[in-house]
Amino acid sequence: MVLAQTYAVKMQQICQMIIDLGPTDATVLIEGEEGTEKELVARAIHLNSSRRKRPFIAVNCDTYPQTLLESELWGHEEGVFFGAMEKKKGYFELVDQGTIFLNNIDKMPPLSQMKLLRILEMQEFERLGGNEAIKANMRIIAGTRRNLREEIEKGTFVEELYYRLNIITVKIPPLRERKEDIPLLVEYFLQNLSKGEKQKRFSEEAMESLSNYSWPGNVKELENAVQYAYLTSKNEVININDLPVGIVKEVQKESAKAASFEENERKFLLKILEENNWNKYRVAKKLNISRSTLYTKLRKYNLIHPTKN
């Protein structure tokens with residue numbers, strides 16, 4: 001995982017939470033968009049815990065149909081369903097004294113959610129088709145990219161399970177809300193890619209493009225973009241032309257939109273000023289903004305009364 005010092009303020013706070021949560025055995029719910037590296041946070045909590053020498057298993061709940069998901073997690077007895085040729089231990093059994101991370105917990109079917117609730121309440125479970133109670137000695141960390149309260153209202157998530165999982169919540173902000181992390185993350189990814197060779201660097205223009213992009217895929221998309229640029233660049237300095245084309249086009253499109261908005265705002269302000277004979281008090285009142293806000297905009301667009309030029 002990226003070390004705490006790699007991040008700026010927002011993620012340093014999360015790193016501190018990881019350090020604080022590690023020694024406890026509390027159930028943790030990690031919330032964050034796709035690509036915010038929830039699994040890395042879960043693994044870091046595990047590595048800071050007393051269970052760090054035991055297994056860490058990550059399971060993505062939205063990649064399995066219900067029967068297969070339960071077989072993977074709970075295990076099954078021989079012959080319980082077609083293809084079950086022998087007894088199988090599930091992840092809940094294999095993780096013995098370790099940590100299991102259930103990502104996209106919102107995609108777990110309600111019936112499976114009820115079975116998981118029993119594990120949290122009774123600290124035991126049974127394999128599919130079995131009647132032997134198996135002790136559950138593990139730490140459960142769950143991840144979701146959805147609002148579970150909304151899922152409860154829809155009837156797709158069990159409310160009791162939510163309260164059992166939501167003892168401690170770690171909320172990972174999307175990359176677009178912590179763009180100060182981008183240069184630090186880029187440097188970290190470049191160090192990993194150089195592998196002892198002379199490290200490349202991004203030009204100011206290329207770094208500006210990375211900082212201006214919205215990153216819908218979050219940290220994972222940034223990592224992929226840095227890797228792409230690193231591999232395609234033939235020079236020590238990575239330029240804007242080395243970035244993925246889609247990112248460059250999106251940044252240029254957003255830049256054009258911003259320029260168009262500012263030009264329209266400038267024309268609109270000038271029109272209102274002229275209609276009100278440059279009376280700033282009346283203009284501010286008409287626009288429902290403070291005079292200080294109006295003055296800021298006038299300075300921004302260099303709007304000066306013609307007689308004062």
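The values are calculated or read from the model by the stated rules, or taken from the named source; none is laboratory data. All of these numbers come straight from a predicted model, not from anything done at the bench. When we count neighbours, we look across all protein chains shown, and the Cβ atoms used for this are built from the backbone with ideal geometry, even at glycine. Remember, those area values only see protein heavy atoms, side chains included, never the ligands or the DNA or RNA. Shrake-Rupley method; radii C 1.70, N 1.55, O 1.52, S 1.80 Å.
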Q) Label E204 and R282 with points 7 Å out from Cα along Cα→Cβ: what is the distance between them in nm? A) 4.5
Q: Leaving ligands, DNA and RNA out of it, report the carbon-plus-sulfur percent of the accessible area of the chain at a 1.4 Å probe.
A: 49
Q. What does the charge count near R52 come to, summing +1 for each Lys or Arg and -1 for each Asp or Glu among other residues with Cβ under 13 Å from its Cβ?
A. +4
Q: Lys and Arg at +1, Asp and Glu at -1: add these up for the other residues within a Cβ distance under 9 Å of L303 and post the number.
A: +4
Q: Go through the range 58-125 and name the GluC sites (Glu not before Pro) that are in a DSSP coil and have 10 or fewer other Cβ atoms within 10 Å of their Cβ.
A: E86
**Q.** Calculated P(r) of the range 202-291 - Cα pairs past 23 Å, %
**A.** 47
Q | Dipole magnitude of the chain, debye to nearest 20 (Cβ charges: Lys/Arg +1, Asp/Glu -1, about Cα centre) | A | 1600
Q) What's the center-to-center distance, using Cα atoms, between the range 45-77 and the range 92-112 in Å? A) 5
Q: Excluding residues on the same chain fewer than 8 positions from K88, give the lysines whose Cα lies under 27 Å from its Cα.
A: K53, K107, K115, K135
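Antiparallel DSSP bridges in the chain: what percent, to the nearest 5?
Once the DSSP bridges in the chain are tallied, antiparallel ones form about 15 percent.
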**Q.** Per DSSP, loop GluC sites (Glu not before Pro) in the range 144-226 with at most 16 further Cβ within 10 Å
**A.** E197
Q. How much net charge surrounds E265 when only other residues with a Cβ under 12 Å from its Cβ are counted (Lys, Arg +1; Asp, Glu -1)?
A. +3
(Q) Using helices alone, I'd like the mean residue ellipticity at 222 nm for the chain: each DSSP H run of four-plus residues gives -39500 (n - 2.57), total over residue count, nearest 500. (A) -15000 deg cm²/dmol
Q) Taking Cα atoms of the range 91-197, Rg/Rh with Kirkwood Rh, to two decimals? A) 1.12
Q: Do me a favour and compute the ellipsoid semi-axes for the range 157-233 from its Cα gyration tensor, root of five times each eigenvalue, largest one first, whole Å.
A: 34, 14, 10
Q) Between A26 and K195, how many nm apart are label points set 7 Å from Cα along the C-beta direction? A) 4.1
Q) Any number yet on Rg/Rh for the chain, C-alpha, Kirkwood? A) 1.14
Q | Pairwise label distance in nanometres, K300 with L231, each label 7 Å out on the Cα-Cβ vector | A | 4.1
**Q.** Per residue accessible area in Å² of the chain, where ligands, DNA and RNA are left out and the probe is 1.4 Å
**A.** 56
